[in-house]
Structures are given as structure tokens and as C-alpha cells.
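First comes the structure, then the notes that go with it.
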Amino acid sequence: MNNTITTYNPYNGDKLNRYTLFSTEKTHSILDAAENTFNDWKLTPIKKRAKLLRKLGDVLNENIEKYSKLITLEMGKPIAESRAEIKKCILLCDFYEKNAARFLSDHIIDTEAHESFISYDPLGIILAVMPWNYPFWQVFRFAVPTLTAGNTGLLKHASNVTGCALAIQECFEQAGYPIGCFQTLLSNHEDIETLIKNDNVKAISLTGSEKAGISIAGTASTVLKKSVLELGGNNACIVLDDADLDRYLNTMVKARFQNSGQSCIAAKRFIVTEGIYDTFLKRFKAEVEKLKYDNPLKETTQTSVLAREDLAEELQKQVDSSIKKGAKILLGNIQKGAYFSPTILTDVTEDMDVFTEETFGPVAPIIKAKDLDHAISLASNSRFGLGTMLFTKDIETARNKIGSINDGAFFINDMVKSDPRLPFGGTKASGYGRELSQEGILEFVNIKTIYINK
């Protein structure tokens, strides 16, 4: 078995670094440190834990260029987007610094008792299995609320962003978090099952594929451990006849093509009603053609390579399969190495891969709908349930369709996005549980009933 991880720059194939996987003994020592630290950390006052978030945000801000460049080198994101990712992590720290004590304060309940209330106690060590597409943000949105609630965290990150994984541990330690509070594990995926079954690990958070979610949830269930799963998405972007393209067309383009299309909440199916279809297609294509491809380290770059060559090859298979079933290429469909050009497909039907599967890259399938009800029906025809976006000037009619969308989010006149102030998560094959907001910080706590009589 290979006991090393090698990271590469997906833009030019250059080797970045080589890391040695942790031995079984080192992994055990990390688990011991996490448990020992938890015994003290859980008793640390909430306000003191939250106060560390300001320093954590400062560490991120002081190293923003260093960390942004690391993200771009390891997974190919344009440097401007890497910088925005770090800034979002800083906002997350600020949000929980201001709100964590309120979210976790005892909740008084009026009963016949002299005193009764709910307390929110940390569970212990929480294992996070995280993806490469937002290598800092995905980890921080797990770690910040989880640690602030009094837990300790272990990170098994995607191997191609190992440098980011180690840098994140460095962030927490530089901010003054106790050693053992947040630790990175360099291990194989085969080791995850053993970690989940370890008695000291109390719960698991996964952001990743549907297949990974099924595997991890299955293992966790055998030892009765909680899991929070944020899995794939196949978000619909519904564009109605009265949509304001002058105002929102750039938002729609960004919804598909930011991060080179590698986002679970990206707009992956454009469902456009027939009255605006031709106009939308012409204007959408013109805007996508303007996207500037170049070295992701250049400030002007808007789209670049995918994170790995095999990801581009998988995307090509999905597109080719759809073309065989009748999809037409309006733009793009050029794959070379890890590069996949921004692509628009028309004449897309419900039996095609680009409609039924998650396409993790810069491919925009366009589907024509007769009217709003037909569009809602098409949007709902998915085993995923992460989010839907709808563009229209008729807000009241859109409001009336909130109950018809069974996803974790419904955005009207904006792209689906994560925000520290709002809970984030999905339904169906997109997973369960919530991150962010108050709901996120309460996922990994024991909601304890206290009942006192004199």
C-alpha cells in the first residue's frame, strides 16, 4: 500500500509536495490528544471559546495571500475566488463570535418543576470528511460551530488538498486553540471506517458524493453514531418569461460557472420557459463566451482547469452520453487534460445524464418549459434536493411555489449560496442535517433536559 500523498498543480501538472501518511501509532496519539483536550475544552466557558474566533479570523486575514495561493495551486481555483473563500471564512468567524453564546445558552422551559431547562452539551470528538472544491470554507463551516460548541475536531481532507488541510490546523493553533482541539489526519479512505468505529469518535460530518455519504452513513449506523451529510446537488435554475435578464443574467452565469462549475449548489439545470427561451439562450451564450480562461494565479482569470484530470474525463462521459441521446452543443465541449471548456447544451431531455446526474464542472444544460407549473415539475424531477433558484418579477406567484419545492433551499432572484446566518443542507440524495446558523451549531450537541424540584 502506498504510504505517501503527492499533490500536483492541476493547471500545469507540476508536483507541489509529498506527504507521508500517518502511522497507526500516530493516529492513535492524535485521537488520544483530541479526547484529552476535550475533557478540558468542554468546561471552557462558551464566551471564552467564542472569543478565540476573533483571533482565528485575524490569522486568516494576516495570511490571506498565502492561503489563497495554496488553494489555487492545489485545486486550480482562480486566485480571486480563492481570496473570496478565505474572506468568507473570516465572516463565519465573526458571525459565531457574536452569536454562539446566545445559540448555546440554556433554554428555560416553564413546567411544574421548581426549575426546568434545556442545556446544550458537546458530544466529544467529531470526525469531518471534507472535499477539495472549497478546501478552506467547507472545513471552516464545520469546524467553527463544532469547536465553539465545545467539541474537538478531526479532519480527513481530500488528498489533493493536503497542504490546505495542514494549513487549517495551523490556523487554529496560531489562534490559540489548545493543542488537540483541531487536528488533521493524513490517512487513506480505507482508514475512515476504523475511525468512525473508534469509541472516542462520537459523530461524523461529511461533505462529498452521494456514494461516499451512503458508505459513511452505513458505517456510522452500525455503531449508532450521528452523521451530518452534505452530498451532491442537481440544482435547477428556473427562468420565467418575465425574468429581469438585465439585472440577473450575470448572477445566472456565476451560478453555473464559478469555481469552474465545481460546486454542489451550482445551477446544473437551466429550465427556461418558452416565452423567453430564445432571448435567454442568445444572451446567456454571449456572457459565457466572455469568461476569461487563463492561469488561475492571474488576477483576471475567471475560469480555469478542473481540480483533476479524471474529473474532466468523467464530465466528458456525461456530456458524450447526452449528445448520443440528442443533446446539441451550443458552445464548448472541449476537454484536454484537466481543462474542460465552458459548455452549453440545448435540446436536453429528462433521460439524459446532464439532467439526471450531478455534473461537477462548467456544463450548462438548457431545458425548455411550457410555463411555471411545467418548470416546477421539471425542477422537482431529481433524486437530489439541495436547492432551487427561480427568476421572475412576480414575487407573490413565486412565494406560492415555496411549498412545491422540496429542497433544502429555495432562492428567488438569486443564486443558491451558503451564508453563515442561514442553515445549509439538503433533502433526498443531497443528504441530511444542517450546517451554519443556529441549526448548525446544535447538530453536534447533546440536547439535555434538566428538571429540578426543591
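The values are calculated or read from the model by the stated rules, or taken from the named source; none is laboratory data. These figures come from a predicted structure and were not determined experimentally. Neighbour counts are summed over all protein chains in view; Cβ atoms, including those assigned to glycine, are modelled from backbone coordinates with ideal geometry.
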What residue, of Ala217, Ala158, is in contact with a strand residue (DSSP E or B) (Cβ under 6 Å, 6 or more places away or on another chain), among the aliphatic types (A, V, I, L, M) and assigned by TED's automatic domain parsing to the domain that holds Ile30? Ala217
I'd like to verify a number: residues in segment 1-44 that are farther than 16 Å from Leu186 by Cα, more than 25 Å from the chain's Cα centre (by Cα) and not charged (D, E, K, R), how many? 9
Over segment 86-110, the set of residues surrounded by fewer than 21 Cβ atoms within 10 Å (Cβ to Cβ) and among the charged types (D, E, K, R) is Lys87, Lys88, Asp94, Lys98, Arg102, Asp106, Asp110
Evaluate the following for Asn151: is it closer than 25 Å to Ile214 by Cβ, surrounded by 23 or more Cβ atoms within 10 Å (Cβ to Cβ) and assigned by TED's automatic domain parsing to the domain that holds Leu16? yes
Enumeration of residues in segment 255-286 that are surrounded by fewer than 17 Cβ atoms within 10 Å (Cβ to Cβ) and either at positive phi or not small (Gly, Ala, Ser) (or both): Glu274, Asp278, Thr279, Lys282, Arg283
Residue hits (segment 191-218; crowded, with 17+ Cβ neighbours inside 10 Å, over 23 Å from Ala149 (Cβ atoms) and touching a Gly at 6+ places or on another chain (Cβ under 7 Å)) are Glu210
List the helices (runs of 4 or more DSSP H) that sit entirely inside segment 9-98 and contain at least 3 residues that are over 22 Å from Pro145 (Cβ atoms) and among the charged types (D, E, K, R). 24-41, 64-75
Filtered residues of segment 408-418 (kept if surrounded by fewer than 22 Cβ atoms within 10 Å (Cβ to Cβ) and either over 21 Å from the mean Cα position of the chain (by Cα) or outside any strand (DSSP E or B) (or both)): Asn413, Asp414, Lys417
For segment 128-152, which residues satisfy the criterion of being without any contact (Cβ under 8 Å) to a residue 40 or more places away in the chain and more than 12 Å from the chain's Cα centre (by Cα)? Ala143
Looking at segment 99-140, which of its residues are assigned to a strand (DSSP E or B) and among the β-branched types (Val, Ile, Thr)? Ile108, Ile118, Ile125, Ile126, Val129
Single condition Gly76 does not satisfy, out of (1) out of contact with any Lys or Arg (no Cβ under 7 Å at 6 or more places or on another chain); (2) buried (at least 22 other Cβ atoms within 10 Å of the Cβ); (3) at negative phi; (4) not hydrophobic (A, V, I, L, M, F, W, C): (3)
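Please go through segment 257-274 and give me each residue that is assigned to a loop (DSSP other than H, G, I, E, B) and in contact with a strand residue (DSSP E or B) (Cβ under 8 Å, 6 or more places away or on another chain), ordered by number.
Within segment 257-274, Cys264, Ala267, Lys268, Glu274 meet the criteria.
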Mind listing whichever residues of segment 21-46 are hydroxyl-bearing (Ser, Thr, Tyr) and touching a residue at least 24 places away in the same chain (Cβ under 8 Å)? Thr27, Thr37, Thr44
Listed residues Val201, Val253; which is aliphatic (A, V, I, L, M) and not assigned by TED's automatic domain parsing to the domain that holds Arg141? Val253
Hey, Gln138 out of contact with any helix residue (DSSP H, G or I) (no Cβ under 8 Å at 6 or more places or on another chain), of a type in the set (S, T, N, Q), farther than 28 Å from Glu358 by Cα and at pLDDT 95 or above or not: no
